[in-house]
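S.K.: This is the structure I have questions about; it appears just below.
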Amino acid sequence: MKSIRTIVAYGTKFFAQYPALLSGYIIYSYLFISMVRLFIKARYFGATLSDAYDIFSALPFMWFLAVALVKVIDYRSKFHDSETRRMNSEIELQTKVTQLNTMHEVVKGLQHQVNNPLAIISLAIGQTKRSVGNNPMVIARIESIEHAANQITSALQKFSESGRYESERIDDVVGSIATIP
């Protein structure tokens, strides 16, 4: 039973891939059977021109059906290919949407975990600036810390508001990272 299914599946796939071959088999099988009938009738009963016409009259109709079969199979395979492409693009789109939603959830969690320490750093920067006075070297270091904290806040905000992202390969150790286009 399994071998019959395998043969039928193989035949279906083969003739779907080569519909003109199926059409040729149909036409030439009919032609062969018609010729054998004509020869048998001519040998045993005597054949006339009207017998030949009666036997071969369906041949143009068979040709028309074979051409129609080829066209139907061709349209069906084109439709199948377009539906497969459409489904693949839908799956790809769904994957990208899922990736973007996952990235947004991760960024929100990261924002939640990072914003508390950043708030403490920002408060400490303000207090340290007031307590240092006019020491330019210390103020420059504090401002660089403040700038870095602002960059962290800005990057997290950009990632959370981003409608898309790209992947950039850094090196073998780090690998790929998400970047905002």
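S.K.: So if I check each of LYS129, LYS78, which one is among the basic types (Lys, Arg), outside the structural domain of ARG37 (by TED's automatic domain parsing), without any contact (Cβ under 8 Å) to a residue 60 or more places away in the chain and assigned to a helix (DSSP H, G or I)? Give the derivation first.
M.R.: On the way: LYS78 fails: outside the structural domain of ARG37 (by TED's automatic domain parsing).
Among LYS129, LYS78, only LYS129 is among the basic types (Lys, Arg), outside the structural domain of ARG37 (by TED's automatic domain parsing), without any contact (Cβ under 8 Å) to a residue 60 or more places away in the chain and assigned to a helix (DSSP H, G or I).
S.K.: Suppose we keep only residues that are of a type in the set (Gly, Ala, Ser) and in contact (Cβ under 8 Å) with a residue 24 or more places away in the chain within region 1-51. Which one would you say is nearest to HIS80 (Cα to Cα)?
M.R.: Looking only at region 1-51, we keep the residues that are of a type in the set (Gly, Ala, Ser), and these are 3, 9, 11, 16, 20, 23-24, 29, 34, 42, 46-47, 50.
Retained after the next criterion (residues that are in contact (Cβ under 8 Å) with a residue 24 or more places away in the chain): 16, 20, 23-24, 34.
Details: ALA16: 11, ALA20: 18, SER23: 20, GLY24: 23, SER34: 36 Å.
Across region 1-51, the extreme among qualifying residues is ALA16.
S.K.: With respect to ILE26, is the statement that it is part of a helix (DSSP H, G or I), modelled with pLDDT of 85 or more and either in the same structural domain as PRO60 (by TED's automatic domain parsing) or touching a Cys at 6+ places or on another chain (Cβ under 7 Å) (or both) true?
M.R.: It is false that ILE26 is part of a helix (DSSP H, G or I), modelled with pLDDT of 85 or more and either in the same structural domain as PRO60 (by TED's automatic domain parsing) or touching a Cys at 6+ places or on another chain (Cβ under 7 Å) (or both).
S.K.: Still on this model: Answer yes or no as to whether VAL67 is in the same structural domain as TYR28 (by TED's automatic domain parsing), in contact (Cβ under 8 Å) with a residue 24 or more places away in the chain, more than 31 Å from the chain's Cα centre (by Cα) and part of a helix (DSSP H, G or I).
M.R.: Yes; evaluated as a whole, the condition is true for this residue.
The values are calculated or read from the model by the stated rules, or taken from the named source; none is laboratory data. Computed from a predicted structure; not experimentally measured. Here the Cβ is made from the backbone with ideal geometry for all residues, glycine too, and neighbour counts use every protein chain on show.
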